[in-house]
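No value in this document is a laboratory result; all are computed from the given coordinates. Note that this is a predicted model, so its numbers are computed, not measured. Cβ placement follows ideal geometry from the backbone for every residue including glycine, while neighbour counts extend to all protein chains displayed.
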Amino acid sequence: MDTDIKEFDYPKGNDNVYTSYAGKGGIPLDSLWKRLLFAWNKADINILLTSYLKPESRIQLHRDVRERVAEVAPFLRLDNDPYPVLSEGKLFWIQDAYTGSSYFPYSNPQFTEQYSTQAAANSALGPNALGSRFVETPGNAAVAAPVLDGLNYVRNSVKVIVDMYDGDVSFYVMDPKDPILAVYRRAFPGVFKNLDELSPDLKAHLRYPEDIFSVQANQYRTFHMTDPQVFYNREDLWASPIETYAGEMQKMEPYYILAKLPGSTQLEYMLMTPFTPHNRGNMISWMAARSDFPEYGKMLFYELPKDKLIYGPNQIEARINQNTTISQQLTLWNQIGSRVIRGKQIVTPIENSFLYVVPLYLTAAATNFPQLKRVIAIAGDKVVMEPTLDEAFTSLFGAHQPQTADAGPQPPTLAVLGTAADLTQVRAQFDDVQKAAGHGDWTRFGDAMDKLKALLATQTAPLHD
């Protein structure tokens, strides 16, 4: 970096824009012995012989975010999904980190079906180490082995912020009561900062991590049973739902959503997953973790009535397949030369029910470039497939079905709108709702929907006999 040769930055019209690194990340190559050392370390004689390097030139090591954090704090286990954020004009990685132990008394260990004992055995840190584990594959690529398997104590006690430009690594304490982290803080004073030292904008980007949520959900499938006899006999075991993704049946993984909780007026960023009874397809419960402060980390559990059928994800897949209009269209598209890919199913609570959304992608056989072609939405007993999410919502909730001439007498409705001006206002507000949904602006969608409800409440009058 910062050599006599400019680096490509971005294209601009028919030209390219070039730049030189101006940050403080990396090690300066300002002496012959440093260049000699890194030429040997990287097995690249060009570092020693090239004339492009200057005293200001720098070499960066451990540029992969998980590898970088593991080098700084090898005693922490790292989440498999670091995510980039933009804050105050700069890019950062946010990496969740865990403390853990396999020796906490009277606790159930965590194992997943994807856990590979061979991978753990091949790890340089061993299967019971507290650090992040990387397994060398035949292609010499480092892949993350399951980092929480075999533990019976785990806490997401640390958030790691990595500056993408300079590579600075900062550790922030999420759980000051964690006894294991307390030991590390005494051993390495000054490394772990208090959470209130994190900028408010970066703090707003923190999200509840999926790895520990999956562990908690896996344990809750059994430990929701509070009656000793029911627990001992395993009479009420739950399971992860089954869904169809890219043509294959698989267990549904937790996912992030923006939604309003029942009884709330505010949209929240949550991580959630539904549950089904063991060996049955209906939905019995769903679990969510909140990510917005000051409610960050709080868990929500909604247990659904057993005497009422609420469709589970696999039953929704069956309803889609049984819909003649949709199945005919999918069969038509799945001809030679094209392939339909059914995307991830989203199950979202709305009011006292659930909304199911499944995107459909179409890709040509000769390319791997899927395009979103249809959106399937299901609410109650109604299944619709439309080109966009906006149109699917309209078909489910907002479409006005005109009466035909031979429709016959219609049953009375609860209320009627007044003047033509009232109808214009309602229509304009409804258009605002549709535009917000079409742009994926769910905050605006919620506000617009609230205004529409208020407008309908003020502009309607009860029918008289």
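Normalised by 2.2 N^0.38 Å, with N the number of residues, the alpha-carbon radius of gyration of region 212-401 equals 1.12. Among the listed pairs Lys159/Lys203; Lys298/Lys451; Lys344/Lys373; Lys159/Lys298, those whose Cα-Cα separation exceeds 19 Å are Lys298/Lys451. Extension gain for Ile45 to Ser353 (0.36 nm times residue separation, less C-alpha to C-alpha distance): 104.3 nm.
Near the amide H of Gly26, within less than 5 Å, lie no amide hydrogens of residues on another chain or at least 5 residues away, with H placed in the peptide plane.
Under 19 Å of direct C-alpha separation, and excluding same-chain neighbours fewer than eight residues apart, Lys177 reaches these aspartates and glutamates: Asp96, Asp196, Glu197, Glu295. If the segment from Met299 to Lys251 were pulled out straight at 0.36 nm per residue, it would be longer than the present Cα-Cα gap by 15.1 nm. Electrostatic tally near Lys193: other residues with Cβ closer than 11 Å to its Cβ, Lys and Arg +1, Asp and Glu -1, net 0. Here the extension length gained between Gln328 and Leu32 equals 99.5 nm, from 0.36 nm per residue of separation less the Cα-Cα distance.
Looking at region 62-106, the GluC sites (Glu not before Pro) that sit in a DSSP loop and have at most 14 other Cβ atoms within 10 Å of their own Cβ are Glu88. Candidate cross-link partners of Lys306 among the lysines, defined by an alpha-carbon separation under 23 Å and a same-chain spacing of 8 or more, comprise Lys251, Lys382. In loop segments of region 1-56 as defined by DSSP, the trypsin sites (Lys or Arg not before Pro) with at most 13 further C-beta atoms inside 10 Å of their C-beta are Lys6, Lys24, Lys42. What would the Debye equation give as log₁₀ I(q)/I(0) for region 145-213 at q = 0.13, 0.14, 0.18 Å⁻¹, counting only Cα atoms as equal point scatterers? Log10 I(q)/I(0), no solvent term: -0.44, -0.51, -0.83.
Placing +1 on each Lys and Arg Cβ and -1 on each Asp and Glu Cβ, with no other charges, gives region 210-293 a dipole about its Cα centre of roughly 160 debye.
Here the Karplus relation 6.51 cos²θ - 1.76 cosθ + 1.60, evaluated at θ = phi - 60°, turns the backbone of region 35-41 into coupling constants of 5, 5, 5, 6, 4, 6, 5 Hz, with x for every Gly and Pro. The equivalent ellipsoid of region 202-315 has semi-axes of 25, 17, 14 Å, largest first, where each one is the square root of 5 times an eigenvalue of the Cα gyration tensor.
Roughly speaking, what is the centre-to-centre gap between region 28-51 and region 86-106 when only Cα atoms are used, to the nearest Å? Taking the Cα centre of region 86-106 as reference, the centre of region 28-51 is 35 Å away. Scoring 309-317, 102-110, 337-345 by mean Cβ neighbours within 10 Å over their residues and listing the highest first yields 309-317, 337-345, 102-110. Taking θ as phi - 60° and the Karplus parameters 6.51, -1.76 and 1.60, the scalar couplings of region 189-195 work out to x, x, 7, 9, 9, 6, 5 Hz in sequence order, x denoting glycine and proline.
The chymotrypsin sites (Phe, Trp or Tyr not before Pro) of region 1-66 that meet both conditions, a loop assignment by DSSP and at most 15 other Cβ atoms within 10 Å of the site Cβ, are Tyr52. Multiplying each eigenvalue of the alpha-carbon gyration tensor of region 7-59 by 5 and taking the square root yields semi-axes of 27, 13, 9 Å, largest first, rounded to whole angstroms. The residues neighbouring Tyr311, those whose beta-carbon lies less than 14 Å from its own, together hold a net charge of +1 under the Lys/Arg +1, Asp/Glu -1 convention.
Excluding same-chain neighbours fewer than eight residues apart, the lysines reachable from Lys34 by a Cα-Cα span under 16 Å are Lys42, Lys54.
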